[in-house]
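Novice: Would you mind keeping the following structure in view while I ask a few things?
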Amino acid sequence: MSDVTTTAVRRKLSPRKKAWVAQGVQYAILVAVVILAVININGQQVVNTFLRADLIESMLGWGLAHAFLNTIVYTVGAFIFGLLLGTVLAMMKLSSVGPYRWISNTYTEFFRGIPALIVLMCFSLIGVALPGFEFPSVTLGEFQLVSVKMSTVWMALGMVSAAYMSETIRAGIQAVPKGQMEAARALGMPSGMAMFRIVLPQAFRIVIPPLTNELILLTKDSSLIYMMGLAAGEYELTKFGRDLANSHANITPLFVAGLLYLIITLPLSALVRWMERRSDAGKK
Amino acid sequence: MTETFTLPNGLVMPRTEFTTSAGEKLLVPSGDREEEVQIYDLHKSFGTLEVLKGITTKVNRGEVVCVIGPSGSGKSTLLRCVNLLEQPTSGRIFILNREITDPDEDIDEIRTMMGMVFQQFNLFPHLTALQNCTIGLIRVKKMDREQARAIAQENLEKVGLGDRGGSFPAQLSGGQQQRVAIARALSMDPEMILFDEPTSALDPELVGDVLSVMRDLAEGGMTMMVVTHEMAFAREVANRVIFMDGGVIVEEGPPDSVIGDPQHPRTREFLARVLDPTHHHEGPSAAAPEPQPHSNPNRRKRSRLF
Ligand SMILES: Nc1ncnc2c1ncn2[C@@H]1O[C@H](COP(=O)(O)OP(=O)(O)O)[C@@H](O)[C@H]1O
Ligand SMILES: [Mg+2]
C-alpha cells in the first residue's frame, strides 16, 4: 500500500514540474550573483575606468567625427572593391572554363585561410618593399579625394572580403532557378546579357542579407588598420581610441570607440533581420 | 558532292543527302520555305541515358503539332533541342532552313524567331508583366522603349491582361502568369512558338483561359509545337499529333487518327491511361474523347498523366 503511495508522489514531479524547479534554481543563482557584484564592485571606480566624463568630453569634437567618418570610408571602399571582385570570382566559379574555376577557388581558399592582418601588413609594406610601386590616389584640384592609404586599405580588406563574398554570390546565382537563364536565352539573349539582366539582379536580391553581414564584419575588420602607421587625418576609430587610451592610461576612449562601432553595426544587423523577416514572409 | 539550293530571299544553301532510319533518301535541308522546323535523325543522350533515339519530323508554316506521350518519353527534350536549350548528341535540325545544329549559325538570332513557353512559366520575377514583355524587344531587338511598350501592351491585351501590365509575377495567378509568358513570347513577333506542357502546373480552373489563348493563336495562323496532356485540346486544335514513347515517334498523323483511332498498341495503352487514370492495364481500345467545349470549364476533365 505505502509503495503505491510513494510511486504516486514521485510521479507528481512530472517533466514540466522538473523544468520549473530547474528554472527557479537558475533565477536564484542569477540574483545571488547580481547582489554579490553590486556589493563588491566599486561603482565610482568602474565609471572612472570606462566612462570618465572629462575624457569623453575631450574626445567629442572634430577628431572623433573624423575617425568615425574614416572608419566608414575605409569600410565602404573595401566593401565596394570586394563586391566587384567577389562578383567576378563568383562568375569564374560557375564558368565552364576549368582554369577560371581553379583560380577562383584557390583564391577563395587562400584569402579565407590567412589572417586579414597579414594581408594588410603585406599591402602596407609593398610601397617600401617594391621600389617605384605606389597604390593609386585621386586628387581633385587642391583636394585629395582618395589617398594612397585609402586605396591600400580598400584593396587589402577588399581582397579578403571578396573571398567570402564570392562564395555568397556564387550561392546566390545558383539559387536563381535554371529556368530563368533558359527563358532569357529563349528570348534570344546572349549568355552574358542573360546573366547581367536576368540572373544577377535576382541573385543580388537573395544575397543582400548575407552581404550586409559581410559589411558588418568588414566594419569591425577596418579596426586592423590601427597598425599601419597612420597620419593624424587618417585615424579611424580604433587607432584614435587606442592613442588616447594609451596616453591617459584609461579605457574610456576605447570604450567610446567601441560604442561608435555599435552605432554602425546595430542598425545594419537590424536591417538584416528586417530583410530576412520580409523575405520569409514573402515565401509564405 | 554537295548540291546547293537558293532560298526565295536569295540565300544560297548547301544541301546534303540524308537517309532516314526507314531507308528513305532526303536532301536536307529541303529548302522548302513552308517547312519551318525540320528535324533529321535527332539523338540526345544524357551521359549513358539515351533519351531521343532518332527523331525525324517536320513542322510546316501555320501548322499546330501536338506532342503527346508518357512522362519521361523525351517530349521536353525534343522541344528543347529545337531551340538548342539542349545540345543534340547527333542529328540535324533546321529552323527556317537554317541549320541550328551548325556551330557557325547564330542561335541567338534564330531564337528571336521562336518563342518558348515553359511549364513553370519562368517569368522574370524582378520585372513587371509589361517589362517581361519589353525586355527582349529593348535588349535583344534594340527597340526604343516607347515602341516596345506599345507592342507589349498590345500583346498583354491579346491574352486578356491589358490591365495587369504593372503587376509583378508574384501578384498574378498561375493562369495569368502563363498568359503573360505567352504575351512575352508573342512580343518578339516570332515565326513559331514552342509550348512545353503550358497548363500542367496550373490549377484545373485556370487551364481553360490559357488553352483559349492558345486556341486563338492557332486560329490566327501561328506555327505551334505543343507538348501537352490535354487530349481534348490536341484533338480539337492540332493539325497533327505526334505520339512519343521511349525516345522515338511511335505514331504520327492527324488527331482524328492518332487520338481517335490509334493504330499502335502503345498509343492505345497510353490513351487509355490518360483518359482513365485508374485504368492501369492495357485497354483493348481507347475510346476517343470527344472534343469538350472549353466554354464550360466545369466539364473539363484534367487529363494529366501521373
Ligand atoms: N538535363 C538532364 N540530365 C539528365 N537526364 C535528363 C535531363 N533532362 C531530361 N532527362 C531525362 O530524360 C528523360 C526524358 O525527359 P523529358 O524529355 O523531360 O521527358 P518528358 O518531357 O517526355 O516527360 C527522362 O528520363 C529524364 O530523366
Ligand atoms: Mg516534360
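Novice: Modelling each spin label as a point 7 Å along the Cα-to-Cβ direction, I'd like the residue A:263/residue B:215 distance in nm, to one decimal.
Specialist: Rounded to a tenth, the inter-label distance reads 6.9 nm.
Novice: List the accessible area buried at the contact between B and A, summed over both sides and calculated with a 1.4 Å probe, in Å² to the nearest 100. Could the numbers behind the result be given before it?
Specialist: Values: alone 13950 and 17640 Å², together 29900 Å².
So the total buried area for this chain pair works out to about 1700 Å².
Novice: Still on this model: Can you tell me what share of the DSSP beta bridges in the protein assembly as shown is antiparallel? A percent to the nearest 5 is fine. Before the final figure, lay out the partial values.
Specialist: Details: 32 of 49 bridges.
Expressed as a percentage, antiparallel bridges in the protein assembly as shown total about 65.
Novice: When the convex hull of the Cα atoms of segment A:76-201 is projected onto a plane and the area is averaged over all directions, what value comes out in nm²?
Specialist: Seen from a random direction, the Cα hull of segment A:76-201 projects 10.3 nm² on average.
Novice: Would you list, by chain and number, the lysines whose Cα falls below 16 Å from the Cα of residue A:149, excluding same-chain residues fewer than 8 positions away?
Specialist: Partners within reach: A:239.
Novice: Over all pairs of distinct alpha carbons, what does the Kirkwood formula give as the hydrodynamic radius of segment A:159-205, in Å?
Specialist: Taking every pair of different Cα atoms in segment A:159-205, averaging 1/r and inverting gives 11.1 Å.
Novice: Same structure again: Of the listed pairs A:178/B:75; A:93/B:142; B:25/B:58; B:25/B:53; A:93/A:220, which have alpha-carbon separations greater than 22 Å here?
Specialist: On the way: A:178/B:75 19 Å; A:93/B:142 31 Å; B:25/B:58 15 Å; B:25/B:53 19 Å; A:93/A:220 28 Å.
Over 22 Å apart, Cα to Cα: A:93/B:142; A:93/A:220.
Novice: A further question on this structure: Give, in nm to one decimal, the length gained when the segment between residue B:126 and residue B:261 is fully stretched (0.36 nm per residue of separation minus the Cα-Cα distance).
Specialist: On the way: separation 135, 0.36 × 135 = 48.60 nm, distance 4.70 nm.
This chain segment gains 43.9 nm when fully extended.
Novice: Now a separate question. Could I have the simple spin-label model distance between residue B:163 and residue A:204, label points 7 Å from Cα toward Cβ, reported in nm to one decimal?
Specialist: Taking the simple label geometry, residue B:163 and residue A:204 are separated by 3.5 nm.
Novice: Given charges of +1 on the Cβ of Lys and Arg and -1 on the Cβ of Asp and Glu, with all other atoms neutral, how large is the dipole of chain A about its Cα centre, in debye to the nearest 20?
Specialist: Values: 24 positive and 15 negative charges, 364 e Å.
It works out to roughly 1740 debye.
Novice: While we're here: Have a look at segment A:193-216 and report residues whose accessible surface goes down by 10 Å² or more when the remaining protein chains are included, against the chain on its own, probe 1.4 Å, ligands and DNA/RNA excluded.
Specialist: By number: A:193, A:197, A:198, A:201, A:202, A:205.
Novice: Pairs of Cα atoms under 8 Å, at least six residues apart: use those to get the relative contact order of chain A, whole percent. Mind showing how you got there, number by number?
Specialist: Working: 273 pairs, mean separation 70.5, N = 284.
That works out to 25 percent.
Novice: Can you give the extra length, in nm with one decimal, that the chain gains between residue A:57 and residue A:247 once fully stretched, where that is 0.36 nm per residue apart less the Cα-Cα distance?
Specialist: Working: separation 190, 0.36 × 190 = 68.40 nm, distance 1.57 nm.
Stretched out fully, the residue A:57 to residue A:247 stretch lengthens by 66.8 nm.
Novice: OK, next. Can you give me the accessible area per residue for segment B:36-164, using a 1.4 Å probe, in Å²?
Specialist: On the way: 4940 Å² over 129 residues.
For segment B:36-164, the solvent-accessible area averages 38 Å² per residue.
Novice: Tally up the carbon and sulfur contribution to the accessible surface of the protein assembly as shown as a whole percent, 1.4 Å probe, everything protein left in place.
Specialist: On the way: 17580 of 29900 Å².
It is 59 percent, rounded to a whole number.
Novice: Same structure, new question: Taking 2.2 N^0.38 Å as the expected size of a compact globular protein, what ratio does the Cα radius of gyration of the protein assembly as shown give against it, to two decimals? Each step should come with its number before you reach the end.
Specialist: Numbers: Rg = 34.2 Å, N = 590, 2.2 N^0.38 = 24.9 Å.
Normalised Cα radius of gyration, the protein assembly as shown: 1.38.
Novice: Here's something else I'd like to know. Please work out the C-alpha center-to-center distance from segment B:60-97 to segment A:10-87 and express it in whole Å.
Specialist: 64 Å
Novice: Tell me the label-point distance for the pair residue A:213, residue A:271, using the 7 Å Cα-to-Cβ offset, in nm and rounded to one decimal.
Specialist: 1.6 nm
Novice: What are the residues of segment B:124-159 that lose 20 Å² or more of accessible area, with a 1.4 Å probe, going from their chain alone to all protein chains?
Specialist: Those residues are B:124, B:125, B:126, B:135, B:139, B:140.
Novice: Related question: Expressed in nm to one decimal, what extension gain is obtained for the pair residue A:96 and residue A:109 from 0.36 nm per residue of sequence separation less their Cα-Cα distance? Before the final figure, lay out the partial values.
Specialist: Numbers: separation 13, 0.36 × 13 = 4.68 nm, distance 1.98 nm.
Extra length available between residue A:96 and residue A:109 comes to 2.7 nm.
Novice: Determine the shape class of chain A: with a ≥ b ≥ c the square roots of the Cα gyration tensor eigenvalues, call it rounded for a/c under 1.5, and otherwise prolate if a/b is greater than b/c, oblate otherwise.
Specialist: Numbers: a/c = 2.63, a/b = 1.20, b/c = 2.18.
The shape class here is oblate.
Novice: Pairs of Cα atoms under 8 Å, at least six residues apart: use those to get the relative contact order of segment A:127-238, whole percent. The partial results should precede the final answer.
Specialist: On the way: 72 pairs, mean separation 24.2, N = 112.
Across segment A:127-238, relative contact order equals 22 percent.
Novice: Explain nothing, just the number: relative contact order of segment B:128-223, from Cα pairs under 8 Å at least 6 residues apart, as a whole percent.
Specialist: On the way: 95 pairs, mean separation 28.3, N = 96.
Result for segment B:128-223 is 29 percent.
Novice: Hey, another quick one. Plugging the Kirkwood radius over Cα pairs into Stokes-Einstein for segment A:188-230, at a temperature of 20 °C and a viscosity of 1.002 mPa s, what D comes out in µm²/s?
Specialist: Answer, rounded: 165 µm²/s.
Novice: To the nearest 10 square angstrom, how much accessible area does residue B:25 have with a 1.4 angstrom probe?
Specialist: About 130 Å², rounded to the nearest 10.
Novice: For segment A:103-259, report the accessible area per residue in Å² (1.4 Å probe, heavy atoms, rounded to an integer).
Specialist: Details: 7350 Å² over 157 residues.
Solvent-accessible surface per residue comes out at 47 Å².
Novice: Continuing with this model, one more query. What is segment B:53-98 by shape, rounded, prolate or oblate, if you read a ≥ b ≥ c off the alpha carbon gyration tensor as root eigenvalues and call it rounded for a/c under 1.5, prolate for a/b larger than b/c, and oblate otherwise?
Specialist: Values: a/c = 1.87, a/b = 1.13, b/c = 1.66.
Oblate shape, in that a/c is at least 1.5 and b/c is the bigger or equal ratio.
Novice: What is the Rg over Rh value, at two decimals, for segment B:218-280, using alpha-carbon atoms and the Kirkwood definition of Rh?
Specialist: Values: Rg = 12.0 Å, Rh = 12.3 Å.
Across segment B:218-280, the Cα-based Rg/Rh ratio is 0.97.
The values are calculated or read from the model by the stated rules, or taken from the named source; none is laboratory data. As the structure is a computational prediction, the values presented were derived from the model and not from experiment. Note that each Cβ is placed from the backbone with ideal geometry, even for glycine, and that neighbours are counted across all protein chains shown. Note: areas computed on protein heavy atoms with side chains; ligands, DNA, RNA excluded. Shrake-Rupley method; radii C 1.70, N 1.55, O 1.52, S 1.80 Å.
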